[in-house]
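Notes follow the structure.
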Amino acid sequence: MNKEMAETLVRTGPGTAMGNLLRRYWVPILLSNEITEPDGPQVRVQILGEKLLAFRDTDGEVGLIDEFCSHRGASLFFGRNEEHGIRCSYHGLKFARDGACVDVPSAPQACKLMGIKAYPCIERAGVAWAYMGPNGKEPAPPEVEWCGLPASHVFVSKRLQESNYLQAMEGGIDTSHVSYVHRFEVDEDPMHQGTKANDYIKADGNVIFEIEKTDFGLTLYGRRNGDPDSYYWRVTQWLFPWFTLIPPFGHHALGGHVWVPIDDHNCWAWSINFHPHKPLSEDERRNMELGKGIHCEYEPGTFRPRANKDNDYLIDRRAQKEKRAYSGVFGFSIQDASLQESMGLIQDHENEKLLPTDRAIVMARRMLYEAATAMEAGTEPPALDADKQRVRAAGMLLGRELNPQEWAKMRLADGLNQPVFSI
């Protein structure tokens, strides 16, 4: 990847080509339970390089506004959330959820000049989402399957990842690494254990990919040897610009991620588990809350993982030698994060040497880059139709003579009206 393309992909602040593109989609901002109380405490939020403030107003609606007062730049984090707005504690200016200034005690006539930036918000699956793009261009609300399920069916967490969003998301696109960094933990983790998929993943690390470009992004067909007369296929979905859906494991809950830039050096890794047709069990939810599966344990009072770069991710060399943890790091999300953060805050893309298993990553990069540069020339972004997001990942055994794309046309094209395909 040349320097110009790399710079375009990793820079997401205001006014950048990639930042402008990502702002055309609904952005996960924070968990709804971070701001549970109407007129309760406001929360600092940084997304796409912008310092913002989230709060729930008197009517219980989510607001997302500029953190700083338009008068003298004081942080509204120290303001008062009261009576349908945030009042600055410095000189009493008050701002409504839409950013309008509704009170300037010392000069009421100045209200119309003192408004601040604000973004419309919605709530889906216990997550507050914002649209940060130009007015009148809002797409329909997200329709990824887990967004429309009852709360009992879904568990959502987020964690801070201290790297650029692109190298984090590429780990979600890349299904080949499962045969290596996760190969020992899949047998012990309660969200993965006891499935035939584990046997195939560990037995064959030489994944052969077939990639299909779709209206919503990419479908990745990863082929491993199955039984003597079959292949094991893992079908991963990448939904433009930042959703991934993980091929399922047996009867366990389905999973997915969203990869959202905080700034160019950090991102939010959102992790989701769900059952399409039934509630999560008490054991499943408890294990997710304990950080099992794709979730993690936190440093108290934060969303930063307990295992992080400051403690070398609690690496255990004995466990590595005894083949209990492939890299010596425990936890699926931290195994990935430790390696992705080890690349640096922004990976040196110019010096990487890619392999055939990286085809999907190359295609995703190209799609993002082309969309960002085309938008600068006036072309509308791709994948704005939320109905196209109603797809599902899969894991299946197929006879060696069968074409997985033909199988998918019958089984995954209208995926949410089909059974879950998993082994």
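The values are calculated or read from the model by the stated rules, or taken from the named source; none is laboratory data. Only a predicted model underlies this, so the values are computations on that prediction, with no experimental measurement involved. Reconstructed Cβ throughout: ideal geometry from the backbone, glycine too, with neighbour counts over all protein chains shown. These area figures cover heavy atoms from the full protein model, side chains too; ligands, DNA and RNA do not enter into them. Shrake-Rupley method; radii C 1.70, N 1.55, O 1.52, S 1.80 Å.
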### Message
Given the criteria of a type outside the set (D, E, K, R), out of contact with any strand residue (DSSP E or B) (no Cβ under 6 Å at 6 or more places or on another chain), closer than 27 Å to Tyr25 by Cβ and surrounded by fewer than 19 Cβ atoms within 10 Å (Cβ to Cβ), does Ala107 qualify?
### Response
no
Subset of the stretch 300-331, residues in a loop (DSSP other than H, G, I, E, B) and either open to solvent by less than 60 Å² (accessible area, probe 1.4 Å) or of a type in the set (Val, Ile, Thr) (or both), comes to Thr302, Phe303, Arg304, Ala307, Asn308, Ile315, Asp316, Ala325, Ser327, Gly328, Val329, Gly331
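With crowded, with 22+ Cβ neighbours inside 10 Å and more than 25 Å from Lys158 (Cα to Cα) as the only criterion, which of Ile86, Ile47 stands out?
Going through Ile86, Ile47 in turn, the sole match is Ile86.
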Expected single match for touching a Lys or Arg at 6+ places or on another chain (Cβ under 8 Å), surrounded by 24 or more Cβ atoms within 10 Å (Cβ to Cβ) and β-branched (Val, Ile, Thr) among Ile208, Ile201 is Ile201
Scanning the stretch 1-19 residue by residue, those touching a residue at least 12 places away in the same chain (Cβ under 8 Å) and either within 24 Å of Asp387 (Cβ to Cβ) or outside any helix (DSSP H, G or I) (or both) turn out to be Met1, Asn2, Arg11, Thr12, Gly13, Pro14
Among the residues of the stretch 214-239, the number that are out of contact with any Ser or Thr (no Cβ under 6 Å at 6 or more places or on another chain) and either under 11 Å from Met396 (Cα atoms) or β-branched (Val, Ile, Thr) (or both) is 11
Flagged in the stretch 247-282 as crowded, with 19+ Cβ neighbours inside 10 Å and over 18 Å from Leu31 (Cβ atoms), in numbering order, are Pro247, Pro248, Phe249, His252, Ala253, Leu254, Asp264, His275
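Conditions (1) over 25 Å from the mean Cα position of the chain (by Cα); (2) aliphatic (A, V, I, L, M); (3) at pLDDT below 95, marked per residue:
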residue	(1), (2), (3)
Gly99	yes, no, no
Val154	no, yes, no
Gln161	no, no, no
Asn164	no, no, no
His177	no, no, yes
Q) Is it fair to say Val156 is within 25 Å of Glu282 (Cα to Cα), open to solvent by 10 Å² or more (accessible area, probe 1.4 Å) and either in contact with a strand residue (DSSP E or B) (Cβ under 9 Å, 6 or more places away or on another chain) or part of a helix (DSSP H, G or I) (or both)? A) yes
Contact list, first residue from the stretch 353-375 and closer than 14 Å to Trp242 by Cα, second anywhere and assigned to a loop (DSSP other than H, G, I, E, B), beta-carbon distance below 6 Å, six or more apart or interchain, is Ala371/Pro381; Ala371/Pro382
| said: So, Asp336, is that one closer than 23 Å to Tyr180 by Cα and free of Cβ contacts under 8 Å to residues at least 40 places away in the same chain or not? | reply: no
Filtering the stretch 71-81 down to residues that are under 32 Å from the mean Cα position of the chain (by Cα), surrounded by fewer than 22 Cβ atoms within 10 Å (Cβ to Cβ) and not in a strand (DSSP E or B) yields Gly73, Ala74, Phe77, Phe78
Review point. Is it true that Ala118 is open to solvent by 20 Å² or more (accessible area, probe 1.4 Å), among the hydrophobic types (A, V, I, L, M, F, W, C), under 30 Å from Ala374 (Cβ atoms) and modelled with pLDDT of 95 or more?
Key: yes
Log entry, pairs with first residue in the stretch 139-150 being closer than 13 Å to Trp129 by Cα and open to solvent by 20 Å² or more (accessible area, probe 1.4 Å), second being assigned to a loop (DSSP other than H, G, I, E, B) and among the small types (Gly, Ala, Ser), beta carbons closer than 7 Å, six or more apart or on different chains, reads none
Of the residues in the stretch 166-175, those that are touching a strand residue (DSSP E or B) at 6+ places or on another chain (Cβ under 7 Å) and at pLDDT 95 or above number 2
Just one listed residue, out of Arg285, Arg234, Arg223, is open to solvent by 60 Å² or more (accessible area, probe 1.4 Å) and in a strand (DSSP E or B), and it is Arg223
Selection from the stretch 288-299 of residues within 15 Å of Gly255 (Cα to Cα) and assigned to a loop (DSSP other than H, G, I, E, B) yields Gly291, Lys292, Gly293, Ile294, His295, Cys296
- Item | Residue check, Val62 free of Cβ contacts under 8 Å to residues at least 24 places away in the same chain, under 30 Å from Leu166 (Cβ atoms) and open to solvent by less than 40 Å² (accessible area, probe 1.4 Å) | no
Trp242: passes all of (1) under 24 Å from Leu52 (Cβ atoms); (2) open to solvent by 10 Å² or more (accessible area, probe 1.4 Å); (3) touching a residue at least 60 places away in the same chain (Cβ under 8 Å) but (2)
